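The values are calculated or read from the model by the stated rules, or taken from the named source; none is laboratory data. Here the structure is a predicted model, which means the values were calculated and not measured. So basically every Cβ, Gly included, is an ideal-geometry build from the backbone, and we count neighbours across all protein chains shown. For accessibility, only protein heavy atoms count, side chains too; no ligands or nucleic acids. Shrake-Rupley method; radii C 1.70, N 1.55, O 1.52, S 1.80 Å.
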Amino acid sequence: MIDWVEATDPIGVGVRAGYTSRFGGTSMDAHLSANMSTHVGDVETHVRENRQRLHEITGLADIRWLKQTHGSRVVKIGRHVGLVDDEGSAPVADAQWTDATGIGLAIVSADCFPVVIADVSGSVVGIAHCGWRGAVSGVLESLIAEMGRRSATLNAWMGPGICKQCYEVGPDVVARLDARVSKNVLDAAPRRERWFLDLPRYLEIMLEELGIERIFRTPRCTYQDENLYSYRRDKVTGRVATVVWRETS
């Protein structure tokens, strides 16, 4: 059975979210065992079985996937939009949202942060794939704008990602960050021209500046926690899935 970690924070009325770990699937070797991504060199039949087990553990008949590019494109998902089960033919985007019930919106990650956005009333939900590239490209701004709700009515919940102590970056990354924000989230690393980036705090500040006041966060670090996948730690590895949905009434 797929290992599923349910979000317990009050994201929105009738809204459920959670994420998988590495375990409970059929993938082998470096992808052991619950890899949810089709683009990392895993056997396709293993990924499909892992995703089927995700359907079973969540009780969702319909989960939508994206072909993620570290960009800012957002897609709205309806009953007959994006109904595919592999990233090769899925919509090319890094965020998706819906006002329909019973549709799971999935993001795969292995250090980047999955960021769930939901109206407090539960009338609309969305999810974004946020590494530093997605953050500077404006994926959060784009998602919130397309969801069409006042920021004051929105909650945010962040799934697992890499922590500051494990995320060393160079001047190429620092130069792309919002300087107003980055001065509060960068510490000098021992190596010359290297810094430790507090990416989760960077994302929190961006969400706050967008008007979202209630932000919840999973404390697990993907690099430190071997129960999770980390690209920075392992290079060849799988991806966990974070899923959000509106429950059917």
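In a GNM of the chain with a 10 Å cut-off on Cα contacts, which of 174, 115, 139 has the highest mean-square fluctuation? Of the options given, 174 has the highest mean-square fluctuation.
Work out the length of the dipole vector of the range 11-116 about its Cα centre, built from +1 on the beta-carbon of each Lys and Arg and -1 on the beta-carbon of each Asp and Glu, and round it to the nearest 20 debye.
Numbers: 10 positive and 12 negative charges, 66 e Å.
Once rounded to the nearest 20, the dipole reads 320 debye.
Using a cut-off of 24 Å between alpha-carbon atoms, which lysines can reach residue 183, once sequence neighbours fewer than 8 places away in the same chain are excluded? Once the sequence-local lysines are set aside, what remains near residue 183 is 164.
Specify whether the C-alpha gyration tensor of the chain places it in the rounded, prolate or oblate class, a ≥ b ≥ c being the square roots of the eigenvalues: rounded for a/c under 1.5, otherwise prolate if a/b is larger than b/c and oblate if not.
On the way: a/c = 1.74, a/b = 1.14, b/c = 1.53.
It is oblate, given that a/c is not under 1.5 and a/b is not larger than b/c.
Remark: the range 129-186 carries a charge dipole of roughly 180 debye about the Cα centre, counting +1 on each Lys and Arg Cβ and -1 on each Asp and Glu Cβ. Normalised per residue, the accessible area of the chain is 42 Å², obtained with a 1.4 Å probe and no contribution from ligands, DNA or RNA. In the chain, taking the dipole from charged Cβ atoms about the Cα centre, the farthest positive-side position among 39, 107, 70 is held by 70. In a simple Cβ point-charge model (Lys, Arg +1; Asp, Glu -1; nothing else charged), the chain has a dipole of about 400 debye relative to its Cα centre. With pairing defined as another cysteine C-beta under 4.7 Å, the cysteines of the chain that fail it are 112, 130, 166.
Of all aspartates and glutamates in the structure, the ones whose alpha carbon falls short of 16 Å from that of residue 76, not counting any fewer than 8 places away in one chain, are 62, 94, 99, 119, 141, 146. Classify the range 100-188: rounded, prolate or oblate, from the alpha-carbon gyration tensor (a ≥ b ≥ c, eigenvalue square roots; a/c under 1.5 rounded; otherwise prolate if a/b is larger than b/c)? Taking the square roots of the gyration eigenvalues as a ≥ b ≥ c, the range 100-188 is prolate. Projecting the Cα atoms of 237, 222, 158 onto the charge dipole of the range 114-249 (Cβ charges, centred on the Cα centre) puts 237 farthest toward the positive pole.
Looking at the range 1-74, the pairs of alpha carbons with a distance over 22 Å make up 30% of the total. Each helix, a run of at least 4 DSSP H residues, gives -39500 (n - 2.57); summed and divided by the residues of the chain, these come to -6000 deg cm²/dmol at 222 nm.
In terms of its alpha-carbon gyration tensor, the range 156-218 comes out oblate; a/c meets the 1.5 threshold, while b/c is at least as large as a/b.
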